[in-house]
Amino acid sequence: MKVNLQYNTKESLLALYNKPLLELVFEAATIHREFHDSREVQMASLLSIKTGGCAEDCGYCPQAARYHTDVEAQKLMTVESVLEQARNAKENGSSRLCMGAAWREVRDNRDFDNVVEMVQGVNDLGMEVCCTLGMMNENQAERLKKAGLFAYNHNLDTSKDYYDDVISTRDYEDRLDTIENARKAGISVCSGGIIGMGEAIEDRIGLLMSYVEMKTPPESIPINALVAVEGTPMEDQKPIEQWEMIRMVATTRIAFPMSVVRLSAGRTMMNMEGQALCFMAGASSIFAGDKLLTTPNPDYNEDMEMFKILGLTPKAAFSDGEQPVTEPDPILIERKRKEAERAQKLTEARAKIKDDSFQPRKVTVAE
Ligand code: SF4
């Protein structure tokens, strides 16, 4: 049951969201136990592989170049440093790595080749690999799938009605197209939203309705609370109450019984009791590590302590789907061949210069 047919209209979902809190949590917990192991919570790591300088204008995002925030634009990380971070994340218990690049869209260039190589490398480590790289076309999705990409994240953020109050540089349809491209390539979809951006409760329901209306809803639905960052248009938004996160998590759990609901940004604004109710209500993933792209997140030891107190265990990779097989990438192979050829020629040229028998041409300089 991918969509709960009892709650597949705006009215029924709204009534569900507004139920007395403990009844809502109980209903969500019951459904959660039917479809998932309630003691398992996945630890995922989110790594910003290309930070800042983004051309988009998402009103919540400190990485948009147009806002005056502390985030400095950086180049794409190297493949080696990403793999090193992935190994560290795995050692610390993460079974999924989400790599985020502050791009409007994927471009077919050297940077994308490098991302393909990162995906191959992380998949080879036995971790679920997720990417969030902005808009992408069908060919790019195919290439990522063959590299071993497990999931593609592309959040709808909010309802179609409220979307224009948040972003103006691309529209809702663009987002739906990218999700569809991931789907066509056979990549599992991760897509969710942010609450606390000044939206009405109806917009939270509207977001969920967008997923109800899809042929296949996302396998993974992250629920974020806005972390208001100075310098962004949303800097003055008041933090939401944790009860609202619990309601949103529980409603999502009930509406999409088989999806993984991820308790994502905003955990620093919640206490352990609030997070415990989210786990009770069906959240089965958190992001581990003290940074979520560029905003703060509870540190690793704090989360381990919470797992101990609540009796939770980290979920293994590929519990919700098979590990993709990495196939050779012809573009990457050709690029490496050319690079090796150039390096070889350079080595030979250097060796010649050092060779005593090599006689450089005599050059006569006119007076
Ligand atoms: S959310 Fe993504 S697309 Fe939007 S401004 Fe930030 S980095 Fe760019």
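Checked against (1) surrounded by fewer than 23 Cβ atoms within 10 Å (Cβ to Cβ); (2) among the aliphatic types (A, V, I, L, M); (3) under 17 Å from the mean Cα position of the chain (by Cα), Met136 passes all but a single condition, namely (1).
Rundown of residues vs (1) β-branched (Val, Ile, Thr); (2) farther than 29 Å from Glu84 by Cα, yes/no style:
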{"site": "Gln120", "(1), (2)": "no, no"}
{"site": "Asn123", "(1), (2)": "no, no"}
{"site": "Glu128", "(1), (2)": "no, no"}
{"site": "Glu142", "(1), (2)": "no, no"}
{"site": "Lys146", "(1), (2)": "no, no"}
{"site": "Val166", "(1), (2)": "yes, yes"}
{"site": "Glu202", "(1), (2)": "no, yes"}
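Do we have Gly206 as on the phi < 0 side of the Ramachandran plot and within 17 Å of the chain's Cα centre (by Cα) here? It is false that Gly206 is on the phi < 0 side of the Ramachandran plot and within 17 Å of the chain's Cα centre (by Cα). Among the residues that make up the range 55-67, is at least one of them within 16 Å of the ligand (Cβ to nearest atom), more than 19 Å from the chain's Cα centre (by Cα), surrounded by 16 or more Cβ atoms within 10 Å (Cβ to Cβ) and under 28 Å from Leu133 (Cα atoms)? Yes; the residues of the range 55-67 include at least one that is within 16 Å of the ligand (Cβ to nearest atom), more than 19 Å from the chain's Cα centre (by Cα), surrounded by 16 or more Cβ atoms within 10 Å (Cβ to Cβ) and under 28 Å from Leu133 (Cα atoms).
The number of residues in the range 80-97 that are β-branched (Val, Ile, Thr) and over 19 Å from Ala151 (Cα atoms) comes to 0. Of all residues in the range 306-352, those satisfying the criterion of being in a loop (DSSP other than H, G, I, E, B), at pLDDT below 90 and not acidic (Asp, Glu) are Ser319, Gly321. From the set of residues in the range 1-19 that are modelled with pLDDT under 95 and either among the charged types (D, E, K, R) or out of contact with any helix residue (DSSP H, G or I) (no Cβ under 9 Å at 6 or more places or on another chain) (or both), which is surrounded by the fewest Cβ atoms within 10 Å (Cβ to Cβ)? In this case the residue turns out to be Leu5.
Suppose the filter is within 16 Å of the ligand (Cβ to nearest atom) and surrounded by 18 or more Cβ atoms within 10 Å (Cβ to Cβ); does Leu207 pass it? The answer is yes for Leu207.
So for the range 272-287 (the condition being surrounded by fewer than 18 Cβ atoms within 10 Å (Cβ to Cβ) and in a loop (DSSP other than H, G, I, E, B)), does at least one residue qualify? There is no residue in the range 272-287 that is surrounded by fewer than 18 Cβ atoms within 10 Å (Cβ to Cβ) and in a loop (DSSP other than H, G, I, E, B). When the range 233-271 is limited to residues that are in a strand (DSSP E or B) and of a type in the set (A, V, I, L, M), the one that is surrounded by the most Cβ atoms within 10 Å (Cβ to Cβ) turns out to be Val261.
Per-residue answers, yes or no, for (1) surrounded by fewer than 24 Cβ atoms within 10 Å (Cβ to Cβ); (2) within 16 Å of the ligand (Cβ to nearest atom); (3) not in a helix (DSSP H, G or I):
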{"site": "Trp103", "(1), (2), (3)": "yes, yes, yes"}
{"site": "Glu142", "(1), (2), (3)": "yes, no, no"}
{"site": "Asn155", "(1), (2), (3)": "yes, yes, yes"}
{"site": "Asp161", "(1), (2), (3)": "yes, no, yes"}
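Conditions tested, residue by residue: (1) more than 22 Å from the chain's Cα centre (by Cα); (2) under 25 Å from Asn18 (Cα atoms); (3) among the small types (Gly, Ala, Ser).
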{"site": "Arg253", "(1), (2), (3)": "no, yes, no"}
{"site": "Ser259", "(1), (2), (3)": "no, yes, yes"}
{"site": "Met280", "(1), (2), (3)": "yes, yes, no"}
{"site": "Ala288", "(1), (2), (3)": "no, no, yes"}
{"site": "Thr294", "(1), (2), (3)": "no, no, no"}
{"site": "Tyr300", "(1), (2), (3)": "no, no, no"}
{"site": "Gly311", "(1), (2), (3)": "yes, no, yes"}
{"site": "Gly321", "(1), (2), (3)": "no, no, yes"}
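When Asp164 is tested against the conditions (1) within 19 Å of the chain's Cα centre (by Cα); (2) over 25 Å from Val119 (Cα atoms); (3) acidic (Asp, Glu), the lone failure is (1). Restricting attention to the range 122-154, which residues are small (Gly, Ala, Ser) and closer than 20 Å to Thr51 by Cβ? If the condition is that a residue be small (Gly, Ala, Ser) and closer than 20 Å to Thr51 by Cβ, then Gly134 is the only one that fits.
For the range 79-97, indicate whether the set of residues that are assigned to a strand (DSSP E or B), crowded, with 23+ Cβ neighbours inside 10 Å and under 19 Å from the mean Cα position of the chain (by Cα) is non-empty. For the range 79-97, residues assigned to a strand (DSSP E or B), crowded, with 23+ Cβ neighbours inside 10 Å and under 19 Å from the mean Cα position of the chain (by Cα): present. Here Glu72 clears all of (1) more than 15 Å from the ligand (Cβ to nearest atom); (2) of a type in the set (D, E, K, R); (3) modelled with pLDDT under 95 except the condition numbered (1).
Of the residues making up the range 20-49, those that are within 13 Å of Ala255 (Cβ to Cβ) and surrounded by fewer than 22 Cβ atoms within 10 Å (Cβ to Cβ) are Leu24, Glu27, Ile31, Phe35.
The values are calculated or read from the model by the stated rules, or taken from the named source; none is laboratory data. This is a predicted model, so every value here is computed, not measured. Here the Cβ is made from the backbone with ideal geometry for all residues, glycine too, and neighbour counts use every protein chain on show.
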